[in-house]
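Following: one structure in structure tokens, then a few remarks.
What follows draws every value from the coordinates through simple rules; no lab data is involved. Since this is a predicted model, take the numbers as computed values, not measurements. Heads up, the Cβs are rebuilt from the backbone with ideal geometry, glycines too, and the neighbour counts pull from every protein chain shown.
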Amino acid sequence: MPIKIETSICITIYMDNPHVRVGGAILGTIWYVVAKKIVDKAVELYHVTPEQAEALYKVFLRPGDYIVEYD
């Protein structure tokens, strides 16, 4: 039987810690970079037009989609 860990409780304790906030920003940046590489690879692999590539970037790399949020 898997063990369930309430991450929201664990994170809430450290929300005011500046190191945790910096870590969250770093994770958000890493997550965005990974997503961008995936979209770049899809654009290359499927030989999409520049207009299609722009649409893919607008849909999958919207500002704020890769922010680490604390509950």
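Contact map, the stretch 47-71: residues that are closer than 18 Å to Val20 by Cα paired with residues that are of a type outside the set (Ser, Thr, Tyr), Cβ distance under 6 Å, separation 6+ or inter-chain. Pairs shown: Tyr66/Gly28; Tyr66/Trp31; Ile67/Gly28; Val68/Gly24; Val68/Leu27; Val68/Gly28; Tyr70/Ile11; Tyr70/Met15.
Looking only at residues of the stretch 40-63 that are part of a helix (DSSP H, G or I) and among the aliphatic types (A, V, I, L, M), we find that the one that is farthest from Gly28 (Cα to Cα) is Leu45.
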